[in-house]
Amino acid sequence: MTAHSTTGHIRLRRSIDGWAGGWNRIGRQTKFYGRTLRGVPDAIVYYPGEVIRLIAQMGLGAGALAVIGGTIAIVGFLTLSTGALVAVQGYNQFSSIGVEALTGFASAFFNVRLIAPLTAGVGMAATIGAGATAQLGAMRINEEIDALEVIGIRAISYLASSRVIAGILVVIPLYCVAVLMSFLAARVGTTFIYGQSTGVYDHYFRTFLNPTDLLWSFLQAVSMALAIMLVHTYYGFTAAGGPAGVGEAVGRAVRTSLIIAALVTVMISLAVYGQSGNFNLSG
């Protein structure tokens, strides 16, 4: 009886410790995010050169990535494929019920509200975010971050806040490229491959392309960029366990940022389109 009671007590203690540890991790992350956002003015004032260097590195890439055009080229290729899928699936499905002319509507509707911002977010998490986590993790393992703090440099402002600023600025051309390439791929696929009249496609595309949707889509991309860079800088800044720990930090950061990107999309979609949808089939 005593042994069973002791075992139950140990299990209960472990459950409580695990629950408390989870809340402690959330608290540490929230504190880091607050310090990072608070350090944004310091990064702009004291480290503008580092911010500019990070913008160039994130946008154009480094090494082999720079040869193919950097992150902007990767996002462009991704949205080319997704835009082509909108043309293929939209035309085929609409033609089965005799309304293939609405393929232009599908491009203006789905590319703006879902495909372009999500593709920009995924491309940013997989390239810029993962690179930032690996860089900061390597610096933490090699005690370079501790050395910066010893010589009086604000480590969070210099390393984390600067990357958040650069990520938000870089996502602007990423989003523009994503939108334009998705529109181009859908139009070329529908008019040149399936032979639909360009006048018909352009009519329905322009009818259902809402400038307000473009604005909300852009704000969604910026929100995702902010959340993604905060997550990746946190996991890089707190990496531990040697080189293997850096790899684990990158994996956790990418998984978490992709989940957050999906949550941001859901929340903004519910907030903006959840009640009325801002949509009228009659144009």
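Within the stretch 162-173, the presence of at least one residue that is among the hydroxyl-bearing types (Ser, Thr, Tyr) and modelled with pLDDT of 90 or more is confirmed.
Show me the helices (runs of 4 or more DSSP H) found entirely inside the stretch 126-193 where at least 3 residues are closer than 20 Å to ALA221 by Cβ and β-branched (Val, Ile, Thr). Per the criteria, 162-188. Of all residues in the stretch 238-260, those being loosely packed, with under 15 Cβ neighbours inside 10 Å, at negative phi, among the small types (Gly, Ala, Ser) and assigned to a helix (DSSP H, G or I) number 2. Within the stretch 135-144, being of a type in the set (A, V, I, L, M, F, W, C) and crowded, with 19+ Cβ neighbours inside 10 Å holds for LEU136, MET139. I'd like to check something: does the stretch 272-282 contain any residue that is at pLDDT below 90, surrounded by fewer than 12 Cβ atoms within 10 Å (Cβ to Cβ) and part of a helix (DSSP H, G or I)? No, because not a single residue in the stretch 272-282 is at pLDDT below 90, surrounded by fewer than 12 Cβ atoms within 10 Å (Cβ to Cβ) and part of a helix (DSSP H, G or I).
Looking at ILE72, ILE115, ILE55, just one residue is part of a helix (DSSP H, G or I), touching a residue at least 40 places away in the same chain (Cβ under 8 Å) and over 30 Å from PHE192 (Cβ atoms), and that residue is ILE55. Taking the stated definitions as given, is ASP213 closer than 21 Å to TYR91 by Cβ, touching a residue at least 24 places away in the same chain (Cβ under 8 Å) and acidic (Asp, Glu)? No, not satisfied. On the given criteria, is PHE183 farther than 24 Å from SER81 by Cβ, touching a residue at least 24 places away in the same chain (Cβ under 8 Å), surrounded by 13 or more Cβ atoms within 10 Å (Cβ to Cβ) and among the aromatic types (Phe, Trp, Tyr)? When the stated conditions are applied, PHE183 does not pass them. Within the stretch 113-121, is there a residue that is crowded, with 17+ Cβ neighbours inside 10 Å and within 29 Å of ALA244 (Cβ to Cβ)? Taking every residue of the stretch 113-121 in turn, at least one turns out to be crowded, with 17+ Cβ neighbours inside 10 Å and within 29 Å of ALA244 (Cβ to Cβ). For the subset of the stretch 23-50 comprising residues that are of a type in the set (Gly, Ala, Ser) and under 24 Å from the mean Cα position of the chain (by Cα), which member is nearest to LEU230 (Cα to Cα)? Looking at the filtered set, the residue picked out is GLY34.
Scanning the stretch 229-262 for residues that are closer than 14 Å to PHE32 by Cα, among the aliphatic types (A, V, I, L, M) and touching a Ser or Thr at 6+ places or on another chain (Cβ under 8 Å) yields LEU230, VAL231, ALA239. Taking the criterion of being surrounded by fewer than 17 Cβ atoms within 10 Å (Cβ to Cβ) and of a type outside the set (A, V, I, L, M, F, W, C), the residues of the stretch 149-180 that qualify are GLU149, GLY152, PRO173. Could you check, for the stretch 137-160, whether at least one of its residues is over 29 Å from ILE44 (Cβ atoms), in contact with a helix residue (DSSP H, G or I) (Cβ under 7 Å, 6 or more places away or on another chain) and hydroxyl-bearing (Ser, Thr, Tyr)? Looking for residues that are over 29 Å from ILE44 (Cβ atoms), in contact with a helix residue (DSSP H, G or I) (Cβ under 7 Å, 6 or more places away or on another chain) and hydroxyl-bearing (Ser, Thr, Tyr), one finds none in the stretch 137-160, hence no.
The values are calculated or read from the model by the stated rules, or taken from the named source; none is laboratory data. Computed from a predicted model, the values in this text were never measured in an experiment. Cβ: placed from backbone, ideal geometry, glycine included. Neighbour counts: every protein chain shown.
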